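Notes for the one structure printed next.
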Amino acid sequence: MTATINENVSSALELGHVESHLHPKPSFDLADHPVPTGFEEIWRFTPLARFKGLLDGSASDAKLTRTEELPAGVTLSTITREEAKALGGIAPLDRAAALAVEYAPDVTWIQITGELDAPARIKLVGDSADEQTWAHVVVSVAPFAKATLLLDYSGSTKLGAQVTYLIGDGAQLDAISLADWNNDSIHAAQNSLSIGRDATLRFFEFTLGGDIVRSSTNIDYQGPGASADLFGVYFADAGQHLEHRLFVDHTAPKTRSNVAYKGALQGQDAHTVWVGNVLIRKIAQGIETFEQNDNLVLSDGARADSIPNLEIETGDIADAGHGSTTGRFDDQHLFYLQSRGIDEREARRLVVHGFFNDIIRRIGVPDLVERLQTAIEAELANVENLEAVTSR
Amino acid sequence: MSTLEIKNLHVEVETEEGAKEILRGVNLTIKSGEVHAIMGPNGSGKSTLAYAIAGHPKYTVTDGEVLLDGENILELSVDERARAGLFLAMQYPVEVPGVSVANFLRTAKTAIDGEAPKLRTWTKEVNEALGRMTLDSSFAHRSVNEGFSGGEKKRHEIAQLEILNPKFAVLDETDSGLDIDALRVVSEGVNRYSAQGDRGVLLITHYTRILQYIKPDYVHVFVAGRLVETGTRELADQLEAEGYDKFINAAV
């Protein structure tokens, strides 16, 4: 096949860049990602004034403090930016990610080569919300490897980060990203995951702390039979801005995606944004996709934006759908629990636990399940006048 | 010995056309040890009576009292009524995602008893109560009513009745939608509960079928928001043979 034919096939199947607001152009070149004005579709929800250094900052040697627990089958090394780019994967889709790649002092390369018998845990701790920090991580999962990988963020930071996952054919990866920041932290995250043929990804994202967290997660498929479950939990308190953007790019036939994000909000100016974009390309015949976002508003003064988008370019789809709910407590849930003697406050606590437990229980790492449940418990303890919240 | 007295109960619901009176002066006294059946046509307000006693926020009491051993429970919150000894088995039990049956039952039992159940015997007690309702122990780990079949939801209600063991149980069309085997299992549960001798049952039903298994001491006919006739079991047989027409016509 000549290069010309290749190009023609590629353009007929639209495997290149698709002109769509759902799909900014992936590029390592900063010139392709101008400083946003706030009117751009992908930036219109983000409070740019509070986010500034992450869009126009400069290089910095600052790093998060890293400690790791790596079972056999995982190695960690440091490589250069150029070496990281050569490994492949989805290029940055916004300016914060492009800057992270450009300015990170080095790249942490996590290689998973076997079937792990315990989760690989990497703890990343920030020590200052004033110091501009850039991080670039590449995770390579060998074909048929099987692993659970936890990136566990905490402390105070002003962080722009790009995390690139390259998941080999037939591999099974549970990737867990936990943002348990102090409340002064600012974090722009881009998680880009390329899934190999017949590989299975479960991506979990838990965003509990931080002043502003803006996380963009991008998926593409390197071959048919690849499957992605994307699960998220977030809990925004007064003044917090927690934004989760998903872009699932069905680039191969017979692939599957399932998205379920759940959030709670409480307090004045707590703001969450969830944007779930799914693009089904011409080539992506016979795919299945479903995405769901549910928000529980626990007090007045909070705002949840929830936008599912589905763009379909083929007529041959096995299943596609999405849903979004934002609301207060369901009176029926509370009535049922209270009719069994459970007081209103405890009933509300049970309902919120249940709401999140639906996601948390899927992790399969017992100590992490417990930690997250405790964290939710602590968030609920902060909810002032839980009793006073009414859906009537 | 306890008494549940419903006195001149008037209840409204908010509709698009404004407030609508559903209960128009209900009077009924139930003593512990007694089983009362309330039978009536669709739309007569039977379920409203059940929900109003339990305190569902959708229903507004405009007049009357419900006294449990002399205390007007209409002044209590929903959970306080339950802790005072009232239980409502719902016609449509609610699904509560993510809350396990085990956690739910333990929390409820703790609230009702005022102390946590004994760890040593509790799991066994729950499993046995579920087992008597032909629900296997895996149900304890499932979310409350989520994905349960209609019959499983009803059996779960009666398992709760046995575990929480209230003074008075209001069963709102617990028999509807049950096949004959499930009906028998559910009836046996209710009979075990009332056989303790010091518990009262208000059984609300549309059909006489369940009365083959649960023998009421009193049968009441409920039409257009009131009790229009009270009798014994023979009244149920009469309703079975003749239907509600006679009472509906009289009430209009």
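A compact table of results
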| item | result |
| --- | --- |
| Estimated FRET transfer efficiency when R0 is 22 angstrom, pair B:Ser149-A:Gln332 (beta carbons, to 0.05) | 0.70 |
| Pairwise FRET efficiency - B:Glu71 versus B:Met1, Cβ, R0 = 22 Å, nearest 0.05 | 0.90 |
| In Hz, Karplus ³J(HN,Hα) per residue of the range A:128-144 (6.51, -1.76, 1.60; θ = phi - 60°; x = Gly, Pro) | 7, 8, 9, 8, 5, 10, 10, 9, 9, 10, 10, 10, 10, 10, 5, x, 6 |
| For the range B:193-209, 3J(HN,Hα) per residue [Karplus equation, 6.51 cos²θ - 1.76 cosθ + 1.60, θ = phi - 60°, Hz, x = Gly/Pro] | 4, 6, 5, 4, x, 10, 10, x, 10, 10, 9, 9, 8, 9, 10, 7, 3 |
| Per-residue mean of C-beta atoms belonging to partner chains within 10 Å, peptide B:52-58 | 3 |
| Distance violations [Cα-Cα > 24 Å] among A:Lys52/A:Lys123; B:Lys7/B:Lys58; A:Lys262/B:Lys118; A:Lys63/A:Lys85; A:Lys25/A:Lys123 | A:Lys52/A:Lys123; A:Lys262/B:Lys118; A:Lys25/A:Lys123 |
| Values of log10 I(q)/I(0), in the order q = 0.14, 0.17, 0.25, 0.29 Å⁻¹, for the range B:194-252 under a Debye, Cα-only, solvent-free model | -0.41, -0.59, -1.13, -1.40 |
| Overall form of chain B per C-alpha gyration tensor (a/c, 1.5; a/b vs b/c) | prolate |
| Whole-Hz ³J(HN,Hα) from phi, Karplus 6.51 cos²θ - 1.76 cosθ + 1.60, for the range A:171-182, glycine and proline x | 6, 10, 10, 9, 10, 10, 10, 10, 9, 10, 5, 5 |
| Förster radius 51 Å - calculated FRET efficiency between B:Ile180 and B:His141 (Cβ-Cβ, nearest 0.05) | 0.95 |
| Taking the range A:287-335 and dividing mean pair separation by its residue count, relative contact order in percent (alpha carbons under 8 Å, at least six apart) | 54 |
| Dmax and Rg, reported as Rg then Dmax, of the range A:303-366 (C-alpha, Å) | 17.5, 53 |
| Cα-based shape type of the range A:138-248, given that a ≥ b ≥ c are square roots of the gyration tensor eigenvalues and the cut on a/c is 1.5 | prolate |
| Share of Cα-Cα pairs in the range A:112-196 lying beyond 20 Å, as whole percent | 37 |
| At 0.890 mPa s and 25 °C, Stokes D of chain A from Kirkwood alpha-carbon radius, µm² per second | 114 |
| Along chain B, longest interval not containing exposed GluC sites (Glu not before Pro), exposed being DSSP loop plus at most 10 other Cβ atoms within 10 Å | B:116-252 |
| Average Cα contact separation per residue, the range B:1-110, under 8 Å, 6 or more apart, as relative contact order % | 29 |
| Amide H contacts of B:Glu34 (H built 1.01 Å from N, under 5 Å, at least 5 apart or other chain) | B:Val201 |
| Cα-based reach from A:Lys146 at 15 Å (exclusive), listing aspartates and glutamates while leaving out same-chain residues under 8 positions away | A:Glu115, A:Asp117, A:Asp169, A:Asp174, A:Asp198 |
| Where labels lie 7 Å past Cα in the beta-carbon direction, separation of A:Asp305 and A:Asp106 in nm | 3.9 |
| Residues with amide H under 5 Å from that of A:Ala284, placed H, sequence gap 5 or more | none |
| Amide H partners (placed H, <5 Å) of A:Thr164, local residues excluded | A:Val137, A:Val138, A:Val139, A:Ser192 |
| Positive-end extreme of charge dipole, chain A - chosen from A:Val138, A:Ala100, A:Gly73 (charges on Cβ) | A:Gly73 |
| Shielding of A:354-360 by partner chains, average beta-carbon count, 10 Å | 4 |
| Full-stretch length increase - B:Val61, B:Arg192 - with 0.36 nm per residue and alpha-carbon distance subtracted | 43.9 nm |
| Environment charge of A:Arg81, counting only residues whose C-beta is closer than 9 Å and scoring Lys/Arg +1, Asp/Glu -1 | -3 |
| Estimated D of the range A:212-364 in µm² per second, where Rh is the Kirkwood radius over Cα pairs and Stokes-Einstein applies at 4 °C, 1.567 mPa s | 78 |
| Length-normalised contact order for chain A - Cα pairs under 8 Å, 6+ apart - percent | 10 |
| Eligible lysines near B:Lys124 by straight Cα distance, threshold 26 Å, same-chain separation 8 or greater | B:Lys109, B:Lys153, B:Lys154, B:Lys167 |
| Gain in span if fully extended, A:Thr78 to A:Arg345, counting 0.36 nm per residue against the direct Cα distance | 91.1 nm |
| Helix-only [θ]222 nm of the protein assembly as shown, DSSP H runs n ≥ 4, -39500 (n - 2.57) each, per residue, nearest 500 | -7500 deg cm²/dmol |
| Loop GluC sites (Glu not before Pro), the range A:263-365, which have at most 16 other Cβ atoms in a 10 Å radius of their Cβ (DSSP) | A:Glu313 |
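Values quoted throughout were computed directly from the atomic coordinates according to the rules given, and no laboratory measurement underlies them. A quick note: this is a predicted structure, and the numbers were derived from the prediction, not measured. Note that we place each Cβ from the backbone using ideal geometry, even for glycine, and neighbour counts take in every protein chain shown.
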